[in-house]
Amino acid sequence: MAVRVQPGPFDMGEEANAFAAAQTGGMGAIVTFTGVVRDVAGGLEAMEIEHYPGMTERALERIEAQARERWALGDVLILHRHGRMRPDEMIMMVATSARHRGDAFEAAEFLMDYLKSRAPFWKKEHTAQGAGWVAARDEDEDALSRW
Amino acid sequence: MIDILYFAWVRERIGIPREAVETQAATVAELVGELRAREERYAAAFSDLSALRVALDQDLADFDAPLAGVREVAFFPPMTGG
């Protein structure tokens, strides 16, 4: 198990390979998801992510523990950056392994849904016109109800 | 003494990331009442509690939660990770 919160960039290929290489016990499925900074409205110069050191790690570990209670998982990786990043840079990734792909896919989606609105990260968009905090979306909160 | 932390626009509106306060408040809501009464910037930041979330000792909590034994209170907007 691993929860990592870091300012610097990561290499999704290296992370995925290291995750796969560490698997034991007949894990037949590995799912990875990577989130990328998106310029939704045009003109995005930078995305800044603030977090709550200490609580962030606790929240992510709790979300991982919930996923492990619900699905038969081998391993879990949750990696999330903070600080400033540019459009098209990678913000975060999750990886799950399981004997069967259904568990790995569902758990990865669950981790994504929960870390969007239950882990203490806040996005701020910087454009030439100024900066603004990204508002939480009702859809993200609604997404939790399906679990 | 209790440590109060502010994040994102709550931090910007109040103007500081954290402070230690002496309080007799029994609940989060009472603490919010004390803070609101301090200065306009606090009143503005806490004007709409539905736009805020609170964590007690780094766990999400409700505004009616008791403060007994709590060392760290954090106020912030709904989270937008991922």
query = Can you find even one residue in the range A:38-45 that is surrounded by 15 or more Cβ atoms within 10 Å (Cβ to Cβ) and within 20 Å of A:LEU115 (Cα to Cα)?
reply = no
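Does any residue of the range A:88-104 turn out to be among the polar types (S, T, N, Q) and either farther than 28 Å from B:VAL73 by Cβ or more than 14 Å from every other protein chain (Cβ to nearest Cβ) (or both)?
yes
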ask   = For the subset of the range A:129-147 comprising residues that are acidic (Asp, Glu) and within 13 Å of B:GLY82 (Cβ to Cβ), which member is most open to solvent (accessible area, probe 1.4 Å)?
value = A:GLU139
ask   = For the subset of the range B:36-82 comprising residues that are free of Cβ contacts under 8 Å to residues at least 12 places away in the same chain and among the aliphatic types (A, V, I, L, M), which member is nearest to the other protein chains (Cβ to nearest Cβ)?
value = B:LEU60
request  = Quick one: count up the residues across the range A:87-128 that are of a type in the set (Val, Ile, Thr) and open to solvent by 10 Å² or more (accessible area, probe 1.4 Å).
outcome  = 1
inquiry  = Please pick out the residue among B:ALA29, B:ALA20 that is hydrophobic (A, V, I, L, M, F, W, C), free of Cβ contacts under 8 Å to residues at least 24 places away in the same chain and open to solvent by 30 Å² or more (accessible area, probe 1.4 Å).
reply    = B:ALA20
query = Quick one: is B:ALA51 hydrophobic (A, V, I, L, M, F, W, C), under 22 Å from A:LYS123 (Cβ atoms) and touching a Lys or Arg at 6+ places or on another chain (Cβ under 8 Å)?
reply = no
remark   = Of A:GLN66, A:GLN23, the only residue that is closer than 22 Å to A:ASP140 by Cβ and not hydrophobic (A, V, I, L, M, F, W, C) is A:GLN66
ask   = Considering only residues of the range A:57-87 that are within 13 Å of chain B (Cβ to nearest Cβ) and β-branched (Val, Ile, Thr), which is farthest from A:ALA131 (Cα to Cα)?
value = A:ILE63
message = Condition first: closer than 24 Å to A:THR56 by Cα and either in contact with a Ser or Thr (Cβ under 8 Å, 6 or more places away or on another chain) or not aliphatic (A, V, I, L, M) (or both). Now tell me which residues in the range B:4-27 satisfy that.
response = B:TYR6, B:PHE7, B:TRP9, B:ARG11, B:GLU12, B:ARG13, B:GLY15, B:PRO17, B:ARG18, B:GLU19, B:THR27
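Residues are listed down the side, and each one gets a yes or a no for (1) in a loop (DSSP other than H, G, I, E, B); (2) out of contact with any Asp or Glu (no Cβ under 8 Å at 6 or more places or on another chain); (3) farther than 18 Å from A:PRO120 by Cα:
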position: B:ILE4; (1), (2), (3): no, no, no
position: B:ALA20; (1), (2), (3): no, no, yes
position: B:LEU35; (1), (2), (3): no, yes, yes
position: B:ALA43; (1), (2), (3): no, yes, yes
task = Output the residues belonging to the range A:1-27 that are of a type in the set (Phe, Trp, Tyr) and under 14 Å from the mean Cα position of the chain (by Cα).
result = A:PHE10
inquiry  = All but one of (1) loosely packed, with under 11 Cβ neighbours inside 10 Å; (2) without any contact (Cβ under 8 Å) to a residue 40 or more places away in the chain hold for A:GLY26; state the number of the condition that does not hold.
reply    = (2)
Which numbered condition A:ASP142 misses (of (1) closer than 25 Å to B:LEU52 by Cβ; (2) in contact (Cβ under 8 Å) with a residue 60 or more places away in the chain) = (2)
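The values are calculated or read from the model by the stated rules, or taken from the named source; none is laboratory data. Small disclaimer: the values here were computed from a predicted structure and weren't measured. Note: ideal-geometry Cβ built from the backbone for every residue, glycine included; neighbour counts use all protein chains shown. Heads up: the accessible areas ignore ligands, DNA and RNA and are worked out on the full protein's heavy atoms, side chains in. Shrake-Rupley method; radii C 1.70, N 1.55, O 1.52, S 1.80 Å.
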